[in-house]
1. State log₁₀ I(q)/I(0) for the chain at q = 0.06, 0.10 Å⁻¹ as given by the Debye formula over alpha-carbon point scatterers of equal weight, solvent excluded.
2. Determine Rg/Rh for the stretch 318-473; Rg is computed over alpha-carbon atoms and Rh is the Kirkwood hydrodynamic estimate from the same atoms.
3. What is the Å³ per residue value for the convex hull set by the Cα atoms of the stretch 412-495?
4. Sorted by average packing, counted as other Cβ atoms within 10 angstrom per residue and highest first, what order do 284-296, 444-456, 62-74 take?
5. Highest first, please rank the peptides 111-119, 410-418 by the mean number of other Cβ atoms sitting within 10 Å of their residues.
6. Let me check the size of the stretch 206-281 from its C-alpha atoms; what are the radius of gyration and Dmax in Å?
7. Based on alpha-carbon positions alone, could you give the equivalent ellipsoid semi-axes of the stretch 362-442 from the gyration tensor, as √(5λ), descending, whole Å?
8. The stretch 138-221: percent of C-alpha pairs farther apart than 16 Å?
Amino acid sequence: MSHTWWRGAAIYQVYLRSFADGNGDGVGDLAGLRARLPYLKDLGIDAIWLNPWYPSPMADGGYDVADYRDIEPVFGTLAEAEKFIAEAHELDIKVIIDVVPNHSSTASAWFRRALTDRTARDRFWFRDEPNDWQSIFGGPAWTQVPDGQWYLHLFAPEQPDFNWANEEVHQEFEDVLRFWFDKGVDGVRIDSAALLFKSATAYEDLDEVHDVYRRWRRIADEYGDRILIGEVWLPDQERFTRYLRPDELHTAFNFDFLSCPWDPAELRRVIDLTLTTHAPVGAPPTWVLSNHDVTRPVTRYGRADTAFAHGGRLHGAPSDLELGYRRARAAALLAMALPGSLYVYQGEELGLPEVEDLPDELRQDPMYARSQGANPGRDGCRVPLPWAGEEPPFGFGGPHPWLPQPESWRKLTAEAQQADLGSMLNLYRTGLRLRRELLGDGSLSWLPLGDGVLAFIRSSGLICVTNLGPGPIPLPPGRTVLASGPMADGDLPPDTTVWLTSLE
Ligand code: NOJ
């Protein structure tokens, strides 16, 4: 693979706790992931991105990191992680890990020391008086310690924020990067990448943060082909692409696309804006439909309001899951055809819906507890994957997965879909294979096929047409290579995407 493999890569997101359980304790782990590497190879992805795998009290699903240089014992060992990296590389699959630089864990050695030694507090945000900031998960962003001081946590109280004005924090993370690059990881996904610096009045997107990523880029470049991917939620695309200047991050998640409603004009606007803002910095766009923080697309696209917003997750709003499923298939082929890199969140390839009826007492997302139940949180998109069989736990491993799976998932297991040529799994497999040959990085030209239609041609000659209008539309001339659903007498039905090659 070339040094620019990441520009058009298809990257599969593994939420380790819920991927596959190798030792039967109900929690996914490295043994489970290693055993399923052939499945990922068959799927046709180029890289795996793993959510945090470090030792953690799991106050926020591992985003509360106690030790950045080791592996959570529930997931396995450092030696196993090294084996996993080697095995993935043997299959020509790159490995991307999550780095969490905005905050730590109250269980980390630095924070424990800060609690007992007031002179060791400068690596965090300790103050005599809190300000009025609220935590992103709800409730105050400050917690008081027994001696009267307060520390800042933009997320849960178990996640104290680092003070990036302290040079030791820089040194620590640069060393952590080298530690994992030396172990062979091919890239890092940077959590909450725009939040690192704080002023007296603001904590989002302060200019100083860019110097951190310039320093990190120099380290990544020393290693040759390692990449930095930013989790940057910013409403302003111009500010967003500043993170992608040639001496900063390689790519960042495109949350505008993920949040966009299933609407032709809005999708066209977001795609155009993405392409025009990325072009001047030379960074490839990314196309993301889901991840471990957002409502699954099948459920989202079946609702009256198909947009995603953190503030209004629309939990429990009626959803026509058949419609949502059809649209999720169409959206998958649309996303795969766009120029740049693509992210697939585990279970997306199985067409899993959001699980909205989890018993409240089993919910683990701190968003739920911190909002006094007002926000159900993100557990519904984190339910363990169904692999095989007719009954829960559907081959996940062990009798009791950490979150229960719905009985109705018997139709959605990887095993059931494997045998069904029309399944979502086989759509993803075929789509990803063709994408490798005909799509990926590059540019597109729009084709004018009417208001309710998104149609474009890629330089390989592949044409992608998505019908978001109310009725069937005639297809442009070409040979159909793949379609997200059946045709209607040769026309393209609503909520369907087709790929065509131009006739020679
Ligand atoms: C973004 C992660 O994706 C999310 O899961 C986490 O809760 C927050 N950052 C805090 O680390």
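1. Result of the Debye calculation: -0.27, -0.77.
2. On the way: Rg = 18.6 Å, Rh = 17.9 Å.
With Rg and the Kirkwood Rh in hand, the quotient comes to 1.04.
3. Measuring per residue, one finds 113 Å³ for the Cα hull of the stretch 412-495.
4. Numbers: 284-296: 22.6, 444-456: 15.4, 62-74: 20.0.
Highest to lowest by the protection proxy: 284-296, 62-74, 444-456.
5. Numbers: 111-119: 14.2, 410-418: 18.4.
Ranked from most to least packed, the peptides come out as 410-418, 111-119.
6. In order Rg, Dmax, the Cα atoms of the stretch 206-281 give 13.8, 43 Å.
7. Values: eigenvalues 187, 86, 17 Å².
Working through the eigenvalues yields semi-axes of 31, 21, 9 Å.
8. Numbers: 2100 of 3486 pairs.
Tail of P(r) above 16 Å: 60 percent of Cα pairs.
The values are calculated or read from the model by the stated rules, or taken from the named source; none is laboratory data. Every value quoted in this text rests on a predicted model; they were computed, and no experiment measured them. Because the Cβ atoms are built from the backbone with ideal geometry, glycine has one as well, and the counts that use them run over all protein chains shown. Side chains are part of the model used for accessible areas, which takes the heavy atoms of the whole protein and leaves out ligands, DNA and RNA. Shrake-Rupley method; radii C 1.70, N 1.55, O 1.52, S 1.80 Å.
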